[in-house]
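Structure record follows, encoded as structure tokens.
The values are calculated or read from the model by the stated rules, or taken from the named source; none is laboratory data. The structure displayed is predicted, hence computed values, not measured ones. Cβ placement follows ideal geometry from the backbone for every residue including glycine, while neighbour counts extend to all protein chains displayed.
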Amino acid sequence: MQEIIDNFIEISKVPRCSFKSEKMELFLRDFAKKQGYTVQVDGAKNILVSHREPKMSLQAHYDMVCVGSAPKIETVIDGNILKAKNSSLGADNGMAIAMMMQLMKEQAALEFLFTSDEEVGLIGAKNLDLPIQSKYLLNLDSEDEGEVYIGCAGGVDLKFTKELPTVSVDGKFYKLSIGNFPGGHSGVDIDKGIPNAIVTLANSIKNNGLKIVSFHGGERINSIPANASAIVFANSALDKSKFADNKIEVEACDSAKVTAFDIDDLLGLPNGVLEKSEVFDVVQSSANIALADIEKGVVTIELSLRSLDTDELMHIAKELEKTYKTKGFEVTLNDKYPGWKPQLNEFTKRVEQATKDIFGECELKVIHAGLECGVLSEKLPNVKMASIGPNIRFPHSTREYVELDSVKRVYRVVKELLK
């Protein structure tokens with residue numbers, strides 16, 4: 001276990017933010033070659049590492065969501081908890097890589113598939129062009145121990161843009177700021193009651209009858225916004241106490257032009273849980289207002305949609321596209337990725353049994369997030385798949401941490417499967 005921790009600390013020193021993970025790619029290639037494994041790389045910078053005649057592939061992505069001071073990561077061990085100081089940790093999916101490195105050191109007869117840029121639209125998986133030999137693939141990107149995932153949500157991102165006139169006015173201008181909201185993953189955390197900083201600030205602006213000069217909110221398309229700020233115009237002095245309940249800071253500032261933006265165009269977008277699944281104990285469909293930017297008369301809003309039902313997903317997306325085009329917005333749909341239809345087979349049963357052997361119990365589940373298995377199952381229709389992982393909490397945020405005892409137990413599951 002100490003070696004796995006050491007592996008993780010080692011890769012934490014290698015920059016691997018999405019779109020900027022070239023050094024991590026080189027690190028993994030060099031590491032695998034030093035262990036005597038064959039290494040192949042495709043045009044999307046996916047890496048396939050193999051040894052002897054493998055029957056199973058282990059799969060993880062090697063990019064991470066960089067929040068706070070990341071990619072500068074200072075790891076902190078507090079008892080059973082591994083976290084980072086003032087940044088996202090990158091346990092998603094770095095802890096899987098640390099386990100895979102250890103298996104290479106042990107000369108395991110496995111394939112290891114490292115995919116690129118998962119966090120920004122499953123780009124590596126979508127463009128996979130490598131000769132997978134194995135009949136089975138175990139994804140290590142889940143975040144709850146003792147559970148085996150056999151299905152996941154699909155998703156699509158919508159971008160709304162519009163140019164607006166600006167008007168010069170005389171009056172009082174203020175800067176409103178929200179910072180350090182909890183944040184979290186816009187899929188797995190969407191039902192946990194985490195406040196959205198963009199929505200909170202927009203509601204305060206509306207409730208106080210303010211006009212927007214500029215607005216900036218959110219961090220990543222797949223994160224619940226933790227920060228937002230706006231310059232606003234008021235006809236009279238603001239009562240700061242009206243903003244205290246939402247922890248909004250208010251300070252006077254100078255400005256001159258107000259945009260003709262209707263705040264209801266932002267608040268009219270869906271946000272949060274839209275529907276619960278009738279079959280699985282999981283969110284069926286959800287939306288997250290992830291990014292909002294209003295500056296110099298140009299409005300840009302980005303929304304992520306997820307659903308276990310691909311038809312429902314596209315119905316919601318197309319209805320929003322239709323509605324907002326009538327409001328004068330240009331609407332684009334980006335980064336659509338398929339869901340992973342749940343199925344039981346000999347591999348999922350083996351993973352279930354190995355998990356029961358270690359944990360005493362096991363639950364087969366579907367996750368309300370995009371796993372690469374959704375894309376990979378389309379590209380590799382004859383490969384049977386399942387997904388497991390250790391307890392990782394608050395990924396994509398500065399609160400992210402992983403339970404080390406959980407990593408140890410999940411590693412034992414992998415070793416049972418290898419037997």
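A few points about this structure:
- Within the stretch 300-317, considering residues that are β-branched (Val, Ile, Thr) and assigned to a helix (DSSP H, G or I), the one farthest from PHE160 (Cα to Cα): THR310
- As for the stretch 209-224, it holds no residue that is farther than 25 Å from LYS159 by Cα and among the aromatic types (Phe, Trp, Tyr).
- Just one residue in the set LEU58, LEU48 is in a strand (DSSP E or B), out of contact with any helix residue (DSSP H, G or I) (no Cβ under 9 Å at 6 or more places or on another chain) and closer than 23 Å to LEU130 by Cβ; that residue is LEU48.
- Here is the figure for the stretch 12-39: residues that are loosely packed, with under 14 Cβ neighbours inside 10 Å, in a strand (DSSP E or B) and more than 25 Å from the chain's Cα centre (by Cα) total 1.
- Answer residue from the stretch 376-419, given it is of a type in the set (Gly, Ala, Ser) and modelled with pLDDT of 95 or more and is farthest from PRO71 (Cα to Cα) among those: ALA386
- Test for ILE358: is it aliphatic (A, V, I, L, M) and out of contact with any Asp or Glu (no Cβ under 8 Å at 6 or more places or on another chain): no
- In the condition set (1) in a loop (DSSP other than H, G, I, E, B); (2) over 29 Å from VAL188 (Cβ atoms); (3) of a type outside the set (A, V, I, L, M), SER214 is compliant with all but (1).
- In the stretch 318-358, residue nearest to the chain's Cα centre (by Cα) [restricted to those that are assigned to a loop (DSSP other than H, G, I, E, B) and closer than 30 Å to LEU267 by Cβ]: GLY339
- Selection of first residues in the stretch 295-317 that are free of Cβ contacts under 8 Å to residues at least 40 places away in the same chain and of second residues that are part of a strand (DSSP E or B) and surrounded by 16 or more Cβ atoms within 10 Å (Cβ to Cβ), restricted to Cβ pairs under 8 Å at least 6 apart or on distinct chains, gives the following pairs, ordered by first then second residue: ASP309/GLN284; ASP309/SER285; GLU312/GLN284; GLU312/SER285.
- Residue, nearest to the chain's Cα centre (by Cα), within the stretch 167-212, restricted to residues that are of a type in the set (Val, Ile, Thr) and modelled with pLDDT under 90: VAL188
- In the stretch 120-177, the residues that are of a type in the set (S, T, N, Q) and not assigned by TED's automatic domain parsing to the domain that holds ALA287: ASN127, GLN133, SER134, ASN139, SER142
- Contacts under 7 angstrom Cβ, first residue in the stretch 218-247 being among the charged types (D, E, K, R), partner surrounded by 17 or more Cβ atoms within 10 Å (Cβ to Cβ) and not in a strand (DSSP E or B), 6 or more apart: GLU219/VAL67; GLU219/PRO225; GLU219/ALA226; GLU219/ASN227; ARG220/VAL65; ARG220/HIS396
- Matching strands (runs of 3 or more DSSP E) fully within the stretch 141-181 where at least 2 residues are of a type in the set (A, V, I, L, M) and in contact with a strand residue (DSSP E or B) (Cβ under 8 Å, 6 or more places away or on another chain): 147-152, 154-163, 172-178
- In the set (1) farther than 28 Å from LYS322 by Cβ; (2) of a type in the set (D, E, K, R); (3) more than 21 Å from the chain's Cα centre (by Cα), GLU163 fails one condition alone, (1).
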